[in-house]
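Single-structure report; data block below.
No value in this document is a laboratory result; all are computed from the given coordinates. Note that the structure is a prediction, hence the values are computed from the model and not measured. So basically every Cβ, Gly included, is an ideal-geometry build from the backbone, and we count neighbours across all protein chains shown.
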Amino acid sequence: MNPALLEVKDLSIHFGGLRAVDGVNFAVNRGEILGLLGPNGAGKTVTFNLISGVYKPTSGEIWFDGKRINGLPSYAIAALGLGRTFQIVKPFSTLTVLENVLVARGITRYPAPSCLWTSWKSRQEAQAAMALLDRVGLADLAQRKAGLLPLGNLRRLEIARALAVGHKLLLLDESFSGLRHEEISQLEALIRTIQQAGITVLLIEHNMRVSMALCDRIVVMEYGKKLAEGTPAVIQQDEQVIEAYLGRKGESDAS
Amino acid sequence: MSSYAITILTLIVIQAIVVCGLNVIVGYAGQISLGHAAFFGIGAYSAALLSTRGGLSFWIALPLVLIISALTGLLLGLPSLRLKHDFLAITTIGINFIVQAIFLYVPFFGGALGISGIPRIQVFGEALKGAHFLYLCLFFLGVVMAICWLFTRVFAGLACFALREEEAAATSMGISPVRFKLLAFMLGTVFAGLGGALYAHYMRFVSADDFSFPLSVSFLAMLVLGGMGSLLGPLVGALILGALPELFRPLAEFRILFYALMLLLMIRFQPGGILGESSLIRKRLFPLFLRRQP
C-alpha cells in the first residue's frame, strides 16, 4: 500500500496575477501528524481549500487514498473520509451543539435517497454524536445553541464535526488560535488521541511550540511555494525558515 | 358559521398551505423567494386547464398539477438557486413577473379574460361547497403540515438547516448545496401548486392578476410575522394577516396605517416572528406546556 494518504503534486492556483499557491509538492503519510507552517499569506489556507475542494487548482494534482480528487466538489471529497475545520469558525448557530454534530454524522446519508426518510432524531444517532462530543469534551453543552458558545468551545465543536466526517484524514486550520493556555494542552492531547485512533492529521499552525511538539513532520510555505520539509528538529535548524520568520542576519529593515 | 366567515377562513387556509411551502424554502433552507405567487399561479392554472379543457376531475388532475409544479420548480430553481441573497431575491421577483406575463399574454392561458367555468370538486358524487370545501382545505393543510414536520426530522431536512446556517461548513460535511436547495425549492413549489389548485376550484375562475408580485410579498409577510422555520408560523401568519383586513374594516382608510404600525412594532420587538426563535410566546408560553429536558 502506498504510504502516502494524501499527495499534492505540483499544485498551483492563480488568482489573476497572484500565485497564491505555486507548484507545491508534499505528501501526508498514513497515521502521521503533518504541520503546514508559514508566515501570514504564505498560501496555507488556500492549500487547505484546494485539498478540500473549495477551490479548483489552476494546475497540478491532488491524490487522496489512491484517488485523484482535484476537480471533485467539496461534498464529494468529504464523503471520501476527509474532514476539515475552518480558520474562521463556522458553526450552525441556531442549531444545538448536538445537532451540529448530527449534521456531520449524516455524511453517509446525504448522497442516497434514504436521507428523505431516515430520521436524525433516533437514539442511536444521538448516542453516536454524544460519543464524539464526549471525545472533545463538549458533552455537557450538547443542548446549548452553538451560536452561544465561546471560541474555544467552537473550535472543539468544529473538531467533533470534522471527526464525524473524516475517518481517514483531518485538516485542522489553526485550531489552536485564540485559545487559553490550558485549552491548548487539552487540544494537543485530543489530537494525539485522534492520531492513536488511526486518523491522519494535517494541520496549519502558527504556534511554534505546539507545532514543534505535536507534528511528526513539517512543511513550511512562503509566498505560495514550499520552503522546507522535514522533522521539527530539522526545520528548527533550517536557515531559510529562520530567515522567513525572523529576517536575515544583519538586516536593519524591521518591516 | 356565516358564509362570510367560511369564505374568509377558506382563503386563509389555502394561503396557509402556500406559506407552508414558502417556509420550506425560506425558513428551512434559508433561500429567499419573492416569487412564490408564481408557483401558486402555476398550480391554479394547471388545475383550471386540466379541469376545463382537459375535462379531468380534481382528484385525477391533482397528481398532475403537483408534478407540473415540481417540474417548473426544478426548471426555475436550477438556474436561480446558484445565486445568493439579493440576487436570488431579484431573480425570484423576475420569475413572478414573467410567469404572470405568460398567463396574461399567451392565448392558451385565456389572456386577460382568464379561465372561467372551473367545476367544483366532487367527493362521493357530491359537489363540495361552503363549510365542506373548508374541511377539504383543512385536510390538505393537515397533510402539508405533517409533511413539513416529518421533513424537519429527516437528514434531508437537517441538511437544509445546515445550508441555511453555514453553506461552506455544510458542504464540507457532504451536503450538496444545489441538490438540497432544489429539494426544498421543489417541496415548496409543490405546496404552492396544491394551494393554487384548491384556489382555482374554490374561486372557479382564475386570472393573471390573482398571482401578482404583491401577493408574493404578502406570503413572505405572513411567514415573517408567523415565524420563519417554525411549524405553526405559516398558519399563525396567514390567520393574522388574512383576518386583520377584515377586522380593521370599520377603520376604513386608516386600515393600512394600522397594518403598517403593527408590522413596524413586530420588526422592532419580535423580529423572529410570533413563533420564531426567542419570541415572547416561545419563551413564556411554551415552557408552560412543554417540559423540555435540560
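Among the listed pairs A:LYS56/A:LYS168; A:LYS9/B:LYS181; A:LYS67/A:LYS168; A:LYS121/A:LYS145, a Cα-Cα separation exceeding 24 Å is found for A:LYS9/B:LYS181.
Per DSSP helix of 4 or more residues, -39500 (n - 2.57); summed, then divided by the residues of the protein assembly as shown. What does that give at 222 nm, rounded to the nearest 500? Result for the protein assembly as shown: -16500 deg cm²/dmol, rounded to the nearest 500.
Near B:GLN270, once Lys and Arg are set to +1 and Asp and Glu to -1 for all other residues with Cβ below 13 Å from its Cβ, the sum equals +3. Note on chain B: GNM, Cα springs under 10 Å; of B:ALA61, B:ALA38, B:ALA29, the largest mean-square fluctuation is that of B:ALA61. The average projected area of region B:3-254, computed from the convex hull of its Cα atoms over all directions, is 13.8 nm².
Close amide H contacts of A:CYS215 (hydrogens built in the peptide plane, cut-off under 5 Å, sequence separation of 5 or more or a different chain): none are found. Under 5 Å from the amide H of B:GLU277 lies no amide H of any residue 5 or more positions distant or on a separate chain, with H modelled from the backbone and absent for Pro and chain starts.
Fewest-first ordering of A:LYS226, A:LYS121 by other beta carbons within 10 Å of each residue's beta carbon gives A:LYS121, A:LYS226. For region A:4-246, pairs of C-alpha atoms spaced more than 33 angstrom apart make up 17 percent of the total.
Bridgeable aspartates and glutamates around A:LYS225 (alpha carbons under 13 Å apart, same-chain partners fewer than 8 residues away excluded): A:ASP10, A:ASP22. Within the shell of other residues whose beta carbon sits under 12 angstrom from the beta carbon of B:PHE155, the net charge comes to +2, with Lys and Arg scored +1 and Asp and Glu -1.
Hydrodynamic estimate: the Kirkwood radius of region A:1-90 over Cα pairs, inserted into Stokes-Einstein at 20 °C and 1.002 mPa s, corresponds to D of 158 µm²/s. Under 5 Å between amide hydrogens, built in the peptide plane, is the criterion, and for B:VAL123 it picks out B:LEU128 among residues at least 5 positions away or on other chains. Per-residue Karplus couplings for region B:138-150, computed as 6.51 cos²θ - 1.76 cosθ + 1.60 with θ equal to phi - 60°, are listed in order as 5, 4, 5, 4, x, 4, 4, 5, 5, 5, 4, 4, 5 Hz, Gly and Pro entered as x. Neighbour counts of C-beta atoms inside 10 Å place B:SER46, B:SER69 in the sequence B:SER46, B:SER69, starting with the fewest.
Largest GNM mean-square fluctuation among A:ILE159, A:ILE194, A:ILE51, using chain A with Cα springs under 10 Å: A:ILE194. Here is the list for region B:56-153: chymotrypsin sites (Phe, Trp or Tyr not before Pro) lying in DSSP coil, each with at most 11 other C-beta atoms within 10 angstrom of its C-beta, are B:PHE124. Placing unit charges on the Cβ atoms of the charged side chains and taking the dipole of the protein assembly as shown about its Cα centre, the candidate lying farthest along the positive direction among A:PHE92, B:GLY195, B:MET266 is B:GLY195.
Short to long, the 10 Å bins of the Cα pair-distance histogram for region B:115-241 hold 11, 33, 34, 17, 5, 1 percent of all pairs.
Taking other Cβ atoms within 10 Å as a rough exposure proxy, B:ASP210, A:ASP216 sort from fewest to most as A:ASP216, B:ASP210. Computed from point charges on the beta carbon alone (+1 for Lys and Arg, -1 for Asp and Glu), the dipole magnitude for region A:1-72 about its Cα centre is near 120 Debye.
Stokes-Einstein diffusion for region A:39-157, with the hydrodynamic radius set to the Kirkwood value over Cα pairs and evaluated at 4 °C in a medium of 1.567 mPa s, equals 80 µm²/s.
Residue by residue, region B:63-76 carries 3J(HN,Hα) couplings of x, 5, 4, 5, 5, 4, 4, 5, 5, 5, x, 5, 5, 7 Hz when phi is fed to the Karplus relation 6.51 cos²θ - 1.76 cosθ + 1.60 (θ = phi - 60°); x denotes Gly or Pro.
Restricting attention to the protein assembly as shown, close to 60% of DSSP beta bridges with both partner residues there are antiparallel. Where both partners of a DSSP beta bridge lie in region A:127-255, what percent of those bridges are antiparallel, to the nearest 5? Bridges in region A:127-255 are about 50 percent antiparallel. The orientation-averaged shadow of the Cα convex hull for the protein assembly as shown, equal to a quarter of the hull surface, comes to 32.0 nm².
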